[in-house]
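Heads up, the thing below is written out as structure tokens.
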Amino acid sequence: MLSGSEPIKVDDTSTTDDFLRVARDRYVTATTYWRDNYHDALDDLNFTYIEQWDKATSEARKDRPCLTLNKLPTILDQVIGDIRQNRPSINVHPVEADHRVGPQPAGPQGGPQGGRVPNLAGTKDYSEAELRNGLIRNIEQTSGAEAHYDTAAQHAIEGGFGWLRVLSAYSDDDTFDQDLLVKSIRNRFSVLFDPQSTGEPDFSCANWCFISELMRRKEFNKRYPDAVLGDMGDQVIGEDWHLWFNEDMVRVAEYFYREPVKRKLLLLSTGETVWLDEVKPVLDELAAQGVEVRRDRKVSTYKVMWCKITGMSILEKPTEVPFRTIPVVPVLGKEVVIGNEVHYRGLIRYAKDAQKMHNYWMSSATERVAMAPKQKYIADAKSVEGLENEWANANTSAKPLLRYKHRVDVPPPREVPPPSMPAAELQLALAGSDEIKATTGLYDASMGNQGNETSGKAILARQRQGDRGTFAYIDNLSRALRRVGKLLIDAIPRVYDSERIIRLKFQDGKEDWVTINKTVIDQQTGQPVLIHDISAGKYDCTVNTGPSYQTLRLEAADSLMQFVQAVPAAGGVILDLIAKNMDWPGADEIAKRLKKILPNGTLSEQEMQEDGIEPPQPSPEAQAEMARAQADIAKAKADEAMAQAKTVEAQAKILEIQMQASIAGPGSIEETVRNLVADALSEIMQSQVAA
């Protein structure tokens, strides 16, 4: 019988019974493994949000105060709010630089290798990494991913674990194009991972996973009328039948599992590496283009399958999904390994006893004060004779005057001292409140309250201490987002696999549109076949943690204002940057107008072209001065040309004299030649001086 966490091969020879038997065995294994963590997390949630008094104590204090002064949600909200203000973001980077420089031969996709992708307007182009960054941000916005990140992080802070998932879905009802989506799993207890997956912090080595829900039998029968449910005495499922159904409910599970596969990798003469099963239909077309296969090798890898099952039926058949690892991502709290067991906890796991202590002693103090006798007076009976009602209602009446009958030999009525405050109970309640701070690591300074710290440095140090104590949660969220980024990078070429126009989103909220994917037509079938260049598609991702873009924008505006106050001369050249970072309606339009009045030379030609700013026109005086300068330059060039012409003429005369001298020969004509040459040289010198 197949069981355990090893990858399995499910083919046509595997029966449905064998397949479901493996799934049921795995479900039992995962249930046993995760039971303690899920039990502890559920107890944390019930204590935080539902009931903080155990049944025995409540019954023992019957008809006595059982107050719940719950401080834990405020502490959780502080950490959750800090994560929302400093939400991590995914950034894609190439694994290695593309060293192909200059004109490149056409690749199988019909375009140059290592090229950039232009936008639809033709005004800008993007690198492959920029393309993926913009696409991932668009996927996040389309999915509402920020809310899902917050939900998973909150689950981790509350109970020690939360879950994200990446899935593909059709873009619309009337299209075959698919999009990737990032979602959270609202029922954190519905996920059961392969126990061997904890070998990697992000569970990327998992071989299987379940995401299940309980469905009412009536609803189940409507959706899946042909499904087999079995009954409680069914021997096929055995004693674990209660995990899959009861009289009213049926468990329906999404079942992910990895299958081992072997693929052949080809190295083409263009430098691209491609999978044989993807390019096989167009190998002959590539050969006609002069593209040859240089090398090949077999690769052992995995494919991820998905199906929907119950304990007795396959509701939706196994289908390959576009990932190489299980597309479910843990967002974990703090982790500790004890022996062979891994325990996850949230922020308030060890603060529960301190909260119980605070509740108990505040209840006791309230009870003691409430049960103490009301304010009393001692008075002679005849002194209040006829005024008994006034004295009897003194504790409830708003009248400021109490009358009595004065007698010389009898002292007036006197007040009995009120009961003392329950100091011991209040001191213990305060100690419980301090223990909550100590066990969570969040003190008054971290919560925005005034504590014992007096100096700014002391307050900041205490705030940083609280941040360090809770940093593990935002760091683990960053780790989860890095895994999400890797899943998206892996799936993008397989989901966005046709020629289509996609939207890119950028950090500042702007967007652009590009066309992706070029195809090769199979001449035999006439069908387009897309080839993925996995050598040009190797990317990694990092996660940046810090304030959101909007927060950074406002901080930048404030810093620029302070800078202008310190260096007033800088104000004239950065006015547009200050306006651009302001949180006003129309701030961008104001920034564009301010750019037009910046001093000449502040903006580059490219910046002016991008913003549609015409170069400044010179004044009439400047234009006249430029005209005079151009006229002077033209006159100087003309004089130089004339001088050169005279020099050429004089040189021609010298050449003529020399020729005559060579004909006449030496002797009497020698002196005449010298004179002529001297005259010619003198004329040349004069022309050069004039020039």
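Rule-based calculations on the coordinates, nothing more; no lab input. This one's a predicted model, so the numbers in the text were calculated from it and none came from an experiment. Here the Cβ positions follow ideal geometry from the backbone for every residue, glycine too, while neighbour counts run over all protein chains shown.
Quick rundown of the values:
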| item | result |
| --- | --- |
| Packing-based order for 218-224, 432-438, using average beta carbon neighbours within 10 Å, highest first | 432-438, 218-224 |
| Simple label model, 7 Å out from Cα along Cβ direction - THR319 to THR142, nm | 1.7 nm |
| Cα Rg, Dmax (largest Cα-Cα span) when computed across the stretch 119-208, Å | 16.9, 52 |
| Residue-wise HN-Hα coupling along the stretch 291-300, computed from phi with Karplus coefficients 6.51, -1.76, 1.60 (Hz; x: Gly, Pro) | 8, 10, 8, 7, 9, 8, 8, 8, 10, 8 |
| Segment GLU341-GLN289, length gained on full extension (0.36 nm per residue, minus Cα span) | 12.9 nm |
| Spacing of the two label points (7 Å from each Cα toward its C-beta) at ALA472 and LEU267, in nm | 4.6 nm |
| Within the stretch 224-373: Cβ-based charge dipole about Cα centre, in debye rounded to nearest 20 (Lys, Arg +1; Asp, Glu -1) | 900 debye |
| Per-residue HN-Hα couplings for the stretch 390-405 [Karplus 6.51, -1.76, 1.60; θ = phi - 60°; Hz; x = Gly/Pro] | 4, 6, 5, 9, 4, 6, 10, 7, 8, 5, x, 10, 10, 9, 8, 8 |
| Nonlocal amide H pairs with GLY311, under 5 Å, H built at 1.01 Å | none |
| Added length on full extension, which subtracts the Cα-Cα distance from 0.36 nm per residue, SER559 to GLN507 | 16.7 nm |
| Förster radius 25 Å - calculated FRET efficiency between LEU426 and THR74 (Cβ-Cβ, nearest 0.05) | 0.75 |
| Estimated FRET transfer efficiency when R0 is 51 angstrom, pair THR647-GLU621 (beta carbons, to 0.05) | 0.80 |
| Taking the convex hull of Cα positions in the stretch 14-59, its mean projected area over all directions (nm²) | 4.9 nm² |
| Dipole magnitude of the stretch 113-231 about its Cα centre (Cβ charges: Lys, Arg +1; Asp, Glu -1), debye to nearest 20 | 320 debye |
| Rh (Kirkwood; distinct C-alpha pairs) - the stretch 157-314, Å | 19.9 Å |
